[in-house]
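Undergrad: The structure under discussion is supplied below as structure tokens; questions concerning it will follow.
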Amino acid sequence: MTGLEEYLEPYAMAKEQLPSAYSHLKNQFKSDQLPAGFTWNELDGLVEHRFEISQRMVEKRLELGAGVFQEVALFNEGRKTMDKIRGKFSQLDLFQDSRINNLNDSVHKLRTQAETFSWIAAGITALMVGLALFLLVHERKARTKLEWELLESNQRLEVKVSERTKDLSEAKARISEFALVQENAIEEERRRLAREVHDQIGQIFTAIKLIIGSVQENALPEGQYKVLQSALESGISSTRKITAELRPPLLDDLGLEAALDSYIGQFASSAGYQYEVEIKDVDKLTETQALTIFRITQEAISNIIKYARAANVVINGLAVDGFYEFKISDDGDGFEFDSRRPGALGLIAMQERANLLNGDCKIESRLTQGTTVTIHLPLATDV
Ligand SMILES: Nc1ncnc2c1ncn2[C@@H]1O[C@H](COP(=O)(O)OP(=O)(O)OP(=O)(O)O)[C@@H](O)[C@H]1O
Ligand SMILES: [Mg+2]
């Protein structure tokens, strides 16, 4: 309005920058984010119209000079247009404000929801932790109870097992005792039979021999005297053999060493072996132990005669460390334990006899190397 060019600078700047600022503003609003009834066309028209008015005013100023102030209608129109533009912008402002408020509301709602949710989540978590703890404690209690029950049943089982073991060992002891009684009874019966055979049959043979001895040889038919005498001799020797088998008389009369020596000696020449018997500490053996050793030796010698083809048989016995150790060794063919004849009883019987007296009997054998039977019997003071 001064008429000076430099005062038109803001107008020129607005003219230059407004289109891009205006289009930038428009881009900020999407078509569905405009207030109801608002159109860009209308605002475009107003802005354009206001620019035309400004243009016209500048032109009028240049044309009329200070007389331009008489152009009231033009000023009024400019003001009205500007008011309308302001109205539109404040419509946009209000709309933006309300959008911002709405957004704030939704953010607030979301935040409230998030807070509520986090409380709920915390509550649920606490509940879950509580439940887990409860389950844990419950499980621990159940497990402890089970462990106790298991322990108790184990203890009951152990008591039962030890009771059964005790019963078993008692039964075993009773069986052993019974077997020993049986064995003693058998030995007693053998002794009685040996006596009977010796006293009855042996004496009859002896009496007949005496009678025949007093008879003249020619009192009998030719050759019969000799036949009768040899029959009598064989009867007497059979009687002796039977009594010796039933009850070795030397064992009772002269002791273990002499009895063994005599027993082994009687087969030596026919079986073809040399033999040696060295027995010590016999006085430490009970009568039953000596008899057991004799019976085991009988079976061992019987095996040597049957199978070993031995050149030497050595027997020795002595007391060692509370035990009586007795060995029967041969240098014969030997054998493999696994290839024993099925149903063979001799070796088993040897072991059982030793076991009956709480001892043991080991049989060691190697092919071509011979066989050794070793007996251990506990001495009376250590039983
Ligand atoms: N001293 C030995 N030398 C070689 N072989 C032996 C000897 N002693 C035992 N045997 C072997 O061991 C086997 C078992 O002997 P065991 O005395 O048990 O039975 P057996 O003599 O055959 O029969 P039995 O029951 O009449 O005694 C024998 O068949 C024999 O082969
Ligand atoms: Mg045998």
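Undergrad: Only one residue in LEU250, LEU291 is away from ligand 1 (no atom under 16 Å from the Cβ), within 22 Å of ARG190 (Cα to Cα) and open to solvent by less than 50 Å² (accessible area, probe 1.4 Å). Which one?
TA: Being away from ligand 1 (no atom under 16 Å from the Cβ), within 22 Å of ARG190 (Cα to Cα) and open to solvent by less than 50 Å² (accessible area, probe 1.4 Å) holds for just one of LEU250, LEU291, which is LEU291.
Undergrad: For the stretch 348-383, give me each residue that is free of Cβ contacts under 8 Å to residues at least 40 places away in the same chain and near ligand 1 (Cβ under 8 Å from one of its atoms).
TA: Residues satisfying the conditions are ILE348, ILE363, SER365.
Undergrad: Quick one: is GLN96 surrounded by fewer than 14 Cβ atoms within 10 Å (Cβ to Cβ), among the polar types (S, T, N, Q), out of contact with any Phe, Trp or Tyr (no Cβ under 8 Å at 6 or more places or on another chain) and in the same structural domain as LEU25 (by TED's automatic domain parsing)? If you could, list the steps in order and put the result at the bottom.
TA: Numbers: surrounded by fewer than 14 Cβ atoms within 10 Å (Cβ to Cβ): no; among the polar types (S, T, N, Q): yes; out of contact with any Phe, Trp or Tyr (no Cβ under 8 Å at 6 or more places or on another chain): yes; in the same structural domain as LEU25 (by TED's automatic domain parsing): yes.
It is false that GLN96 is surrounded by fewer than 14 Cβ atoms within 10 Å (Cβ to Cβ), among the polar types (S, T, N, Q), out of contact with any Phe, Trp or Tyr (no Cβ under 8 Å at 6 or more places or on another chain) and in the same structural domain as LEU25 (by TED's automatic domain parsing).
Undergrad: Have a look at LYS88, LYS80, LYS84 and point out the one that is free of Cβ contacts under 8 Å to residues at least 12 places away in the same chain and surrounded by 11 or more Cβ atoms within 10 Å (Cβ to Cβ).
TA: Every option except LYS80 fails the conditions.
Undergrad: Select, from LEU228, LEU254, LEU220, LEU232, the only residue that is of a type outside the set (D, E, K, R) and modelled with pLDDT under 85.
TA: On the way: LEU228 fails: modelled with pLDDT under 85; LEU254 fails: modelled with pLDDT under 85; LEU232 fails: modelled with pLDDT under 85.
Result: LEU220 is the single residue among LEU228, LEU254, LEU220, LEU232 that is of a type outside the set (D, E, K, R) and modelled with pLDDT under 85.
Undergrad: What residue, of GLY334, GLY322, GLY255, is away from ligand 1 (no atom under 12 Å from the Cβ), in contact (Cβ under 8 Å) with a residue 12 or more places away in the chain, at positive phi and under 54 Å from the mean Cα position of the chain (by Cα)? Spell out the reasoning first.
TA: Numbers: GLY334 fails: away from ligand 1 (no atom under 12 Å from the Cβ); GLY255 fails: under 54 Å from the mean Cα position of the chain (by Cα).
Answer to the selection: GLY322.
Undergrad: Only one residue in ALA36, ALA66 is open to solvent by 50 Å² or more (accessible area, probe 1.4 Å) and part of a loop (DSSP other than H, G, I, E, B). Which one? Explain how you work it out, then say what you get.
TA: Details: ALA66 fails: part of a loop (DSSP other than H, G, I, E, B).
From the options ALA36, ALA66, the qualifying one is ALA36.
Undergrad: In the stretch 243-293, what residues are outside any helix (DSSP H, G or I) and among the aliphatic types (A, V, I, L, M)? Outline the logic, then answer.
TA: Going through the stretch 243-293, the residues outside any helix (DSSP H, G or I) turn out to be 247-248, 254-255, 272-281, 285-286.
Result: LEU254, VAL277, ILE279, LEU285.
The values are calculated or read from the model by the stated rules, or taken from the named source; none is laboratory data. Worth saying up front: this structure is predicted, and the values here are computed from it rather than measured. Methodologically, a virtual Cβ is constructed for each residue, glycine included, from the backbone with ideal geometry; neighbour enumeration extends over all protein chains shown. Side chains are part of the model used for accessible areas, which takes the heavy atoms of the whole protein and leaves out ligands, DNA and RNA. Shrake-Rupley method; radii C 1.70, N 1.55, O 1.52, S 1.80 Å.
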